[in-house]
Each structure stands twice: as C-alpha cells, then as structure tokens.
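Have a look at the structure below, then the notes.
The values are calculated or read from the model by the stated rules, or taken from the named source; none is laboratory data. Just so it is clear, the model here is predicted, and its values are computed rather than measured. Don't worry about glycine lacking a Cβ; one is built from the backbone with ideal geometry, like all the others, and counts go over all protein chains shown.
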Amino acid sequence: MTENISYHDAEINSIQKVDHTLLLGGLLANNTPFIIRFDNVIGWDLEPFEEQNVIFDIRNYAVSQIPKWIKEDFEIPVQYFDCLNSGRYQFYFIESSVGLCGYIIASDLIQESTTGETTNAEL
C-alpha cells in the first residue's frame, strides 16, 4: 500500500469519464505524473477547466460538514444529499489555487501512482 499523496500545487491536465468512473490526471509539484480515480460517481460539478489548473487541496466532507458556501455556490441537487446520507457515497471537494475547482460525489477516491500501486485515499 502506498502513502497518501499530497496534491498541494499539483496541476490537473486531463479529465476522463468512463462509465461511472472519473479520472483526473496531471503532475504533482515534483513533476511526477498522477491519476486520481473516483469510482461509482453519481454527480459532479467541476469548473472552469483552464489552461492552468492547480490544486490547493482535496477535501472529503461528511454530509453534515459541507460548508454552506459550497452548497450555495454549486447548487448541489437534493437527490445527491439523499445518496450521501445513505453512507455509500463520499463528498470530495477540489479547492484550487487557480483554474478547476468543484465537487465530486463518488463511493471511493483511489490514488494511482506511477508505479501502478493504488490505495484508497483517506483525506
């Protein structure tokens, strides 16, 4: 099992959706390629995808802890809260330094290293 990867100052340069999986790819601050895989995605709102998309942090909020400003700014549909309250899904929020930010609702976030190792992230 690998250690959790710090995504601070990582740059996202690709987004790919395959069935119910969302892949974010890019380069860590040390120029190491990464892929973040979100499994069983039921919804997301990510914007804007710019020429440069730098992550400040990726947070995993409990449904009761999602900040009011996120709920208001992103107008999260009520059915997503029903899914989150079921306990089967997680709310992930990408805070950006510049460019892409937003939320993803998925069952798991999987970190994929360049060596092919994977681990369920505990953010």
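Of note:
- Any hit, the range 95-103, residues being touching a strand residue (DSSP E or B) at 6+ places or on another chain (Cβ under 8 Å), assigned to a strand (DSSP E or B), farther than 19 Å from SER6 by Cβ and modelled with pLDDT of 95 or more: yes
- A search for C-beta distances below 8 Å between a residue of the range 55-72 that is closer than 29 Å to ASN13 by Cβ and any residue that is assigned to a loop (DSSP other than H, G, I, E, B) and hydroxyl-bearing (Ser, Thr, Tyr), counting only pairs 6+ apart in sequence or on different chains, returns ILE55/TYR7; ASP57/TYR7; ILE58/TYR7.
- When residues of the range 71-94 are limited to those that are β-branched (Val, Ile, Thr) and at pLDDT below 95, the one nearest to the chain's Cα centre (by Cα): ILE76
- For ILE66, the conditions (1) at pLDDT below 95; (2) β-branched (Val, Ile, Thr); (3) touching a helix residue (DSSP H, G or I) at 6+ places or on another chain (Cβ under 9 Å) are fulfilled apart from (1).
- Filtered residues of the range 56-91 (kept if within 28 Å of GLY26 (Cα to Cα), among the acidic types (Asp, Glu) and assigned to a helix (DSSP H, G or I)): ASP73
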